[in-house]
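J.: First the structure, which I've put down as structure tokens, then a few questions once you've had a look.
The values are calculated or read from the model by the stated rules, or taken from the named source; none is laboratory data. On a predicted model such as this, the values are computed, not experimentally measured, just so you know. Neighbour counts are summed over all protein chains in view; Cβ atoms, including those assigned to glycine, are modelled from backbone coordinates with ideal geometry.
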Amino acid sequence: MLNCRQASEFLNISSVRVKQLLKENADLGFEKTEVNNGMIKISSKAMTSLLSMRGLSFKHKRIVIKQQKGGVGGTSLSLISSMRLAQKGARILYIDLDSEANATSFLAKADFDIGNANTMLEIFKNGTSASECVVDTRFENISMIPSKGMLRRVDRLLSDKNPKLLMDKMLASVENDFDIIFMDLPPTYTRLTESAYLAADLVILPYDTSSFSIEGVMLTYEDLQASIAEYEVKREIEVKVLMNKYSTTTVASKEAFSAMAKIMNDKILPFTIKASSDIVNCINNGKNLFESKANAEVKANIDELCDYIAPLQTSSARH
Ligand SMILES: Nc1ncnc2c1ncn2[C@@H]1O[C@H](COP(=O)(O)OP(=O)(O)O)[C@@H](O)[C@H]1O
Ligand SMILES: [Mg+2]
């Protein structure tokens with residue numbers, strides 16, 4: 001939840017005006033935590049309403065933060081950005097396409113029944129509708145389509161399907177209720193992941209100092225370009241490269257940044273995500289980085305990423 005000052009900065013109005021709006025719209029529901037000297041905490045849903053009162057919205061977007069190489073922060077960055085954007089009022093759909101289901105475990109409510117959950121496997125195998133798979137999570141404003149181990153079997157069902165349409169159609173059937181859709185992928189380039197990349201509006205390829213991860217970025221980029229050509233994909237897919245686990249104290253980070261900048265000069269994002277145990281801890285402990293006493297620099301990095309992923313627009317421009 002945001003406090004009044006954070007909400008006022010984000011909405012670009014004074015704290016007094018935020019309080020006024022909350023008072024005038026008592027049904028929005030906000031909490032006053034007396035322990036914090038009556039500090040007002042604004043729920044994610046109240047932020048969604050405040051944004052719409054201000055005539056602002058998040059541009060609808062489908063996001064993939066992933067590349068073929070695993071362990072570079074695809075899931076961590078997707079989860080942390082989801083939680084931050086939800087806090088700011090965005091309605092998020094998180095689709096877990098990785099049969100390891102790490103994000104599903106992180107997001108699931110305590111009473112979530114994984115055995116009976118519907119995943120992408122049920123969509124493609126039984127024709128279950130995507131909306132029947134959407135469940136609430138522990139976090140306000142974040143819904144998910146979960147994953148489970150059996151999802152590893154999905155690819156054998158898809159061999160004769162056109163990847164251009166597979167995810168795109170499925171997303172079209174649920175996306176009206178959401179501002180931002182995150183697709184969390186396994187570290188492979190299969191029919192299913194190919195289809196998710198082709199259905200995305202923005203693909204962010206994360207990498208770190210390891211040369212394998214730099215190579216992974218190049219391979220994923222090449223594979224994606226080949227798929228776009230092969231299936232004559234006309235929709236625009238923005239591709240960016242993001243350096244994660246950046247350390248200012250090691251030469252390796254600087255070198256990896258400039259090496260990538262040389263190869264992908266117009267694709268590399270001008271900011272990086274700092275290497276930080278706060279990221280590891282918040283994911284391991286099931287916490288929102290922004291509800292913890294994490295390093296301010298890491299939080300600023302994530303905010304920069306969120307602003308890039310989902311800048312606000314005036315609602316009239318929404319499509
Ligand atoms: N900025 C970071 N600083 C430190 N550790 C990180 C950072 N981003 C990710 N990690 C760690 O790297 C590991 C792999 O991240 P993960 O999100 O699971 O990657 P992927 O989904 O791409 O396989 C995890 O242990 C995670 O905590
Ligand atoms: Mg992952």
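J.: In this structure, does K59 turn out to be modelled with pLDDT under 95 and either over 29 Å from L312 (Cβ atoms) or not β-branched (V, I, T) (or both)?
T.: For K59, the condition - modelled with pLDDT under 95 and either over 29 Å from L312 (Cβ atoms) or not β-branched (V, I, T) (or both) - is met.
J.: Report whether or not A256 is in contact with a strand residue (DSSP E or B) (Cβ under 8 Å, 6 or more places away or on another chain), in the same structural domain as L151 (by TED's automatic domain parsing) and part of a helix (DSSP H, G or I).
T.: Yes.
J.: Considering every residue within region 274-281, establish whether at least one is within 16 Å of ligand 2 (Cβ to nearest atom) and part of a helix (DSSP H, G or I).
T.: There is at least one residue in region 274-281 that is within 16 Å of ligand 2 (Cβ to nearest atom) and part of a helix (DSSP H, G or I).
J.: Moving to a separate point now. Counting just the residues of region 83-117 that are polar (S, T, N, Q) and away from ligand 2 (no atom under 13 Å from the Cβ), which one comes out surrounded by the most Cβ atoms within 10 Å (Cβ to Cβ)?
T.: Result: Q87.
J.: Next question. Give the residue, chosen from S227, S253, S247, that is away from ligand 2 (no atom under 16 Å from the Cβ) and either of a type in the set (K, R) or in contact with a Pro (Cβ under 7 Å, 6 or more places away or on another chain) (or both).
T.: Being away from ligand 2 (no atom under 16 Å from the Cβ) and either of a type in the set (K, R) or in contact with a Pro (Cβ under 7 Å, 6 or more places away or on another chain) (or both) holds for just one of S227, S253, S247, which is S227.
J.: Being in a loop (DSSP other than H, G, I, E, B), more than 14 Å from ligand 1 (Cβ to nearest atom) and more than 15 Å from S147 (Cβ to Cβ) is the filter here, so list the residues in region 67-118 that pass it.
T.: K88, G89, A90, R91, K109, A110, D111
J.: Can you run down the residue pairs with Cβ atoms below 7 Å, 6 or more apart or on separate chains, where the first is in region 71-84 and aliphatic (A, V, I, L, M) and the partner is within 9 Å of ligand 2 (Cβ to nearest atom)?
T.: What qualifies is L79/A103.
J.: Condition first: closer than 23 Å to S82 by Cβ, part of a helix (DSSP H, G or I) and modelled with pLDDT under 85. Now tell me which residues in region 1-51 satisfy that.
T.: L28
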